[in-house]
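A quick write-up on the structure given underneath.
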Amino acid sequence: MPPIPELQLSYKPRLPRRLDWRIGCAGAGFIMRDCHLVAYRQAGFNPVAIASRREETARSVAELHQIPKVHRHYEELLADPAIEVLDIAVPPDHQPNLIRAALQHPHIRGILAQKPLAMSYAEAKDCVERCRTAGVKLAVNHNMRYDQSVRALKDILNRGWLGEVVLATIDMRAIPHWMPWAQGQASLSTFIMSIHHLDTFRFWLGTPDRVLASTRPDPRTHFSHTDGINLYILEYESGARASAWDDVWTGPVREGSQGDIRIHWRVEGTDGLARGTIGWPSYPARTPSTLDFTVKRFPGYWFQPRWTEVWFPDAFVGTMSQLLVALEEDAEPEISGQDNLETIALCEAVLTAAREHRVTTVKEFLT
């Protein structure tokens, strides 16, 4: 057997040369307060202003994270000529209008939007086209692409160590905290929870060709919804298959039973096998995701790289970094709005396949 190589997997984000890009923060809820801004301070980024629906909330977050300027409302934030990059953390049904409003201010050169970019492909495409016309870089905050195990696996796939991918799976048994804005949306799990895994499959394997899906309401979520527990299979012309069990119920854990909360993933190839865990369900405890893999070249040996970083909040360095690097190099962001349209179309394909009980194709939604 050849000597075991020393692993130097690429899992960390590429940082911009300039750290003092002036960032304006739109929104002051959990994801901005506890993820974006924690990660930005960790990386040395430069948030200079913030606004929220409630000025007092923005002031509280500004004080917590030493942000020098608080604006009374979003319009005032957008008009601030000091801002070069807009970081959006508002509900998805409000985000497109905020993006359109930002494009009226030429000092804003880049926008980091939340996922989902919009709640429909048509509206997401409109945002992408408007940003392109205005010359504004649009990136989407698909932070699971910067989970350390997800990114390390992508490096392994790029190196060809697993050979041709045969099957990829994600098994989620976890209970999301549905924010109040989720009530009344056209989709619950597909566009808010499953979108993480659908985009991760796209990151690993590319956009699939066909989709089979089934869904049912989540018994714990009492407001009206259709897509709660999501099961889906993605088919690729290459022969690869991907599937996920996005189980947001996981049994009556909150109602008195013992729990089994976890996220496991697995990718099988012709030359190797990789498996991992996602540490997010134990947040706010810092639980790193894990990766183990084995390849034919080293029979009987499991590589087990480990790290101290975690998805929440450390991955949020990467989502902002990829936009800042794109601005510096006048290139497309790694997770550009244009690329993200295929993730939105994939969400549409999953939702429609489950609702209409038929096999869908991603192409039929790319219009």
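Read-outs: derived from the displayed coordinates by stated rules, not from any lab. Just so it is clear, the structure is predicted and the values come from calculations on it, not from any experiment. Cβ coordinates were reconstructed from backbone atoms using ideal geometry, including for glycine residues, and neighbour counts include every protein chain displayed.
If the cut-off is 16 Å between C-alpha atoms, which aspartates and glutamates fall inside it for K296, apart from same-chain ones fewer than 8 positions away? Reachable aspartates and glutamates: E164, E268, D271.
With contacts taken as Cα pairs under 8 Å and at least 6 residues apart, the chain reaches a relative contact order of 21 percent. Dipole of the chain computed with +1 at Lys/Arg Cβ and -1 at Asp/Glu Cβ about the Cα centre; of F223, A49, L212, farthest Cα towards the positive end is A49.
Binning all Cα-Cα separations of region 61-174 at 5 Å, short to long from zero, yields these whole-percent fractions: 2, 10, 16, 17, 14, 13, 11, 9, 5, 3, 1. Below 28 Å, Cα to Cα, which lysines can K363 reach? Residues fewer than 8 away in the same chain don't count. Candidates past the 8-residue exclusion: K115, K125, K137, K154. DSSP loop trypsin sites (Lys or Arg not before Pro) in region 261-364 with at most 16 other Cβ atoms within 10 Å of their Cβ, which ones? Here the trypsin sites (Lys or Arg not before Pro) that fit, given the DSSP loop and packing criteria, are R286, K296, R297, R306, R358. Each residue of region 245-261 is assigned a 3J(HN,Hα), and the resulting list reads 10, 9, 9, 8, 9, 6, x, x, 5, 6, 9, x, 7, 5, x, 9, 9 Hz, derived from the Karplus form 6.51 cos²θ - 1.76 cosθ + 1.60 (θ = phi - 60°), x at Gly and Pro. By the count of neighbouring beta-carbon atoms within 10 Å, fewest first, T294, T367 end up ordered T367, T294. Here the ratio of the Cα radius of gyration of the chain to 2.2 N^0.38 Å is 0.99. In terms of the Cα gyration tensor, with a ≥ b ≥ c the square roots of its eigenvalues, is region 180-333 rounded because a/c is under 1.5, prolate because a/b exceeds b/c, or oblate? In terms of gyration-tensor shape, rounded. Let me make sure I get this right: for region 38-90, a, b and c are the square roots of the gyration tensor eigenvalues over alpha carbons, sorted descending. Under 1.5 in a/c it's rounded, otherwise prolate if a/b > b/c, else oblate. Which is it? Judged from the Cα gyration tensor, region 38-90 comes out oblate (a/c at least 1.5, b/c at or above a/b). The distance linking region 171-208 with region 246-264 is 17 Å (Cα centroid to Cα centroid, whole angstrom). When a/c reaches 1.5 or more, the comparison of a/b and b/c decides; with that in mind, is region 198-289 rounded, prolate or oblate per its Cα gyration tensor? Oblate shape, in that a/c is at least 1.5 and b/c is the bigger or equal ratio. Remark: the chain carries a charge dipole of roughly 460 debye about the Cα centre, counting +1 on each Lys and Arg Cβ and -1 on each Asp and Glu Cβ. So what's the net charge close to Q104: Lys and Arg +1, Asp and Glu -1, counting the other residues with Cβ under 12 Å from its Cβ? Within the 12 Å Cβ shell, the charges total +1.
Taking the charge dipole of region 82-166 about its Cα centre, with +1 at Lys and Arg Cβ atoms and -1 at Asp and Glu Cβ atoms, the residue from I111, T133, V166 reaching farthest to the positive side is T133. Fewest-first ordering of S336, S238, S224 by other beta carbons within 10 Å of each residue's beta carbon gives S224, S238, S336. Reducing region 352-367 and region 304-333 to their Cα centroids gives an inter-centroid distance of 32 Å. Mean separation of Cα pairs under 8 Å and 6 or more residues apart, divided by the residue count, gives region 1-117 a relative contact order of 25 percent. Cα convex hull, region 243-361: 202 Å³ per residue, rounded to a whole number. Shown for M32, M119: other C-beta atoms within 10 Å of each C-beta, ranked fewest to most, produce the order M119, M32.
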